[in-house]
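K.L.:
Starting off with a structure, shown below.
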């Protein structure tokens with residue numbers, strides 16, 4: 001394992017993040033505040049509690065998941081796409097660095113950025129609602145796994161994308177709608193039975209449900225199903241990345 005190569009890639013990617021640290025910090029704070037104003041105040045005035053949890057607190061896990069999933073995907077996709085765009089990817093591929101080290105460097109940096117934003121949103125939420133996280137270690141573990149898995153997805157998107165527009169295609173048209181429809185701001189038990197069944201086909205439901213369970217001890221689906229879902233998603237992404245580097249798809253073409 002070439003630790004120096006991993007460190008170089010990781011530091012290079014993180015340097016871009018630190019150059020815009022103020023923007024990276026302020027943006028999630030403002031977005032979180034707006035969500036609390038719109039959902040917490042407007043909708044929360046009509047829905048006082050969900051499953052015994054104050055509505056303002058209930059939406060916090062969903063807000064964190066929404067930002068973490070999109071940020072991890074966007075950072076990882078841009079991180080690997082830009083070297084492809086300017087042609088420096090060939091220097092990386094010709095260096096004594098294997099694909100595992102490349103993935104660890106780029107995905108690790110993207111996951112770190114998303115994790116930072118997740119904690120910023122969590123800290124901002126304390127200014128608006130009272131939170132009592134029942135299982136903080138499980139919450140952190142779930143957050144880290146989500147950051148890693150969606151960073152892996154972003155890495156795949158960055159290799160697949162042929163232009164900058166395609167980088168935004170899946171996050172905007174697939175991930176964000178799935179998060180909104182995955183119980184971010186409501187419990188799926190509030191839906192009619194038919195829609196509850198349909199919603200269970202949304203994989204994001206299992207991630208948000210498991211993350212909310214770490215906060216409040218309540219979940220829409222079994223916690224073991226949530227863990228199985230994120231583990232299966234991570235393994236699937238790793239398998240796709242292995243195949244990409246084995247075949248050179250969209251890298252050497």
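K.L.:
Pull up segment 232-244, narrow it to residues that are more than 15 Å from residue 73 (Cα to Cα) and touching a helix residue (DSSP H, G or I) at 6+ places or on another chain (Cβ under 8 Å), then point me to the one that is surrounded by the most Cβ atoms within 10 Å (Cβ to Cβ).
P.N.:
Residues of segment 232-244 that are more than 15 Å from residue 73 (Cα to Cα), as a first pass: 232, 235-236, 239-240, 242-244.
After this cut, where a residue has to be touching a helix residue (DSSP H, G or I) at 6+ places or on another chain (Cβ under 8 Å) as well, the list is 240, 242, 244.
Working: 240: 16, 242: 13, 244: 18.
Applying the filter and picking the extreme gives 244.
K.L.:
Considering segment 169-203 alone, what residues qualify as being in contact (Cβ under 8 Å) with a residue 24 or more places away in the chain and within 20 Å of residue 76 (Cα to Cα)? Spell out how you get there, then give the answer.
P.N.:
The first filter runs over segment 169-203 and keeps only residues in contact (Cβ under 8 Å) with a residue 24 or more places away in the chain, leaving 170-171, 175-176, 178-180, 182-190, 202-203.
Answer for segment 169-203, where residues must be in contact (Cβ under 8 Å) with a residue 24 or more places away in the chain and within 20 Å of residue 76 (Cα to Cα): 170, 171, 175, 176, 178, 179.
K.L.:
OK, next. Scan segment 208-229 residue by residue and report those that are touching a helix residue (DSSP H, G or I) at 6+ places or on another chain (Cβ under 6 Å) and either crowded, with 21+ Cβ neighbours inside 10 Å or in a loop (DSSP other than H, G, I, E, B) (or both).
P.N.:
Residues satisfying the conditions are 208, 209, 210, 211, 212, 213, 214, 215, 219, 220, 221, 226.
K.L.:
Using the structure shown, decide if residue 158 is assigned to a helix (DSSP H, G or I), touching a helix residue (DSSP H, G or I) at 6+ places or on another chain (Cβ under 9 Å), buried (at least 16 other Cβ atoms within 10 Å of the Cβ) and touching a residue at least 60 places away in the same chain (Cβ under 8 Å). Show your work before the answer.
P.N.:
Working: assigned to a helix (DSSP H, G or I): yes; touching a helix residue (DSSP H, G or I) at 6+ places or on another chain (Cβ under 9 Å): yes; buried (at least 16 other Cβ atoms within 10 Å of the Cβ): yes; touching a residue at least 60 places away in the same chain (Cβ under 8 Å): yes.
Yes; evaluated as a whole, the condition is true for this residue.
K.L.:
Between 174, 120, 97, 129, which is assigned to a helix (DSSP H, G or I) and surrounded by 15 or more Cβ atoms within 10 Å (Cβ to Cβ)? Can you show your working first?
P.N.:
Numbers: 174 fails: surrounded by 15 or more Cβ atoms within 10 Å (Cβ to Cβ); 97 fails: assigned to a helix (DSSP H, G or I); 129 fails: assigned to a helix (DSSP H, G or I).
Just a single option satisfies the conditions, and that option is 120.
K.L.:
Sort out which residues of segment 98-141 are more than 19 Å from residue 29 (Cβ to Cβ) and within 11 Å of the chain's Cα centre (by Cα), and write them in order of number.
P.N.:
110, 111
K.L.:
Shifting gears a bit: With the structure loaded, tell me whether residue 6 is modelled with pLDDT of 85 or more, in a helix (DSSP H, G or I) and surrounded by fewer than 21 Cβ atoms within 10 Å (Cβ to Cβ) or whether it fails that test. Break it down stepwise before answering.
P.N.:
On the way: modelled with pLDDT of 85 or more: yes; in a helix (DSSP H, G or I): yes; surrounded by fewer than 21 Cβ atoms within 10 Å (Cβ to Cβ): yes.
Against the criterion (modelled with pLDDT of 85 or more, in a helix (DSSP H, G or I) and surrounded by fewer than 21 Cβ atoms within 10 Å (Cβ to Cβ)), residue 6 qualifies.
K.L.:
If we scan segment 195-203, do we find a residue that is in a helix (DSSP H, G or I), within 18 Å of the chain's Cα centre (by Cα) and surrounded by 15 or more Cβ atoms within 10 Å (Cβ to Cβ)? Write out each step before concluding.
P.N.:
Let us first name the residues in segment 195-203 that are in a helix (DSSP H, G or I), namely 195-199, 203.
Imposing the further condition that a residue be within 18 Å of the chain's Cα centre (by Cα) reduces the set to 203.
So of that shortlist, the ones also surrounded by 15 or more Cβ atoms within 10 Å (Cβ to Cβ) come out as none.
Taking every residue of segment 195-203 in turn, none turns out to be in a helix (DSSP H, G or I), within 18 Å of the chain's Cα centre (by Cα) and surrounded by 15 or more Cβ atoms within 10 Å (Cβ to Cβ).
K.L.:
When you look at residue 31, is it under 27 Å from residue 110 (Cβ atoms), in a helix (DSSP H, G or I) and modelled with pLDDT under 80, yes or no? Full working, then the answer.
P.N.:
Values: under 27 Å from residue 110 (Cβ atoms): yes; in a helix (DSSP H, G or I): yes; modelled with pLDDT under 80: no.
Taking the combined requirement at face value, the residue does not satisfy it.
K.L.:
With respect to residue 173, is the statement that it is modelled with pLDDT under 90 and farther than 24 Å from residue 32 by Cβ true? Walk me through how you get there before you give the answer.
P.N.:
Numbers: modelled with pLDDT under 90: yes; farther than 24 Å from residue 32 by Cβ: no.
No, not satisfied.
K.L.:
Kindly indicate whether residue 142 is under 17 Å from residue 72 (Cα atoms), in contact with a helix residue (DSSP H, G or I) (Cβ under 7 Å, 6 or more places away or on another chain) and modelled with pLDDT under 95.
P.N.:
Values: under 17 Å from residue 72 (Cα atoms): yes; in contact with a helix residue (DSSP H, G or I) (Cβ under 7 Å, 6 or more places away or on another chain): yes; modelled with pLDDT under 95: yes.
It is true that residue 142 is under 17 Å from residue 72 (Cα atoms), in contact with a helix residue (DSSP H, G or I) (Cβ under 7 Å, 6 or more places away or on another chain) and modelled with pLDDT under 95.
K.L.:
If residue 46 satisfies every condition in (1) touching a helix residue (DSSP H, G or I) at 6+ places or on another chain (Cβ under 8 Å); (2) farther than 27 Å from residue 74 by Cα but one, which is the exception?
P.N.:
Answer for residue 46: the failing condition is (1).
K.L.:
Another question about this same structure. Can you tell me which of (1) crowded, with 17+ Cβ neighbours inside 10 Å; (2) closer than 20 Å to residue 205 by Cα is the one residue 74 doesn't meet?
P.N.:
(2)
K.L.:
Could you count how many residues in segment 161-171 are exposed (fewer than 15 other Cβ atoms within 10 Å of the Cβ) and either out of contact with any helix residue (DSSP H, G or I) (no Cβ under 9 Å at 6 or more places or on another chain) or in a loop (DSSP other than H, G, I, E, B) (or both)?
P.N.:
The total comes to 3.
The values are calculated or read from the model by the stated rules, or taken from the named source; none is laboratory data. Remember, predicted model here, so these are calculated numbers, not experimental data. Note that we place each Cβ from the backbone using ideal geometry, even for glycine, and neighbour counts take in every protein chain shown.
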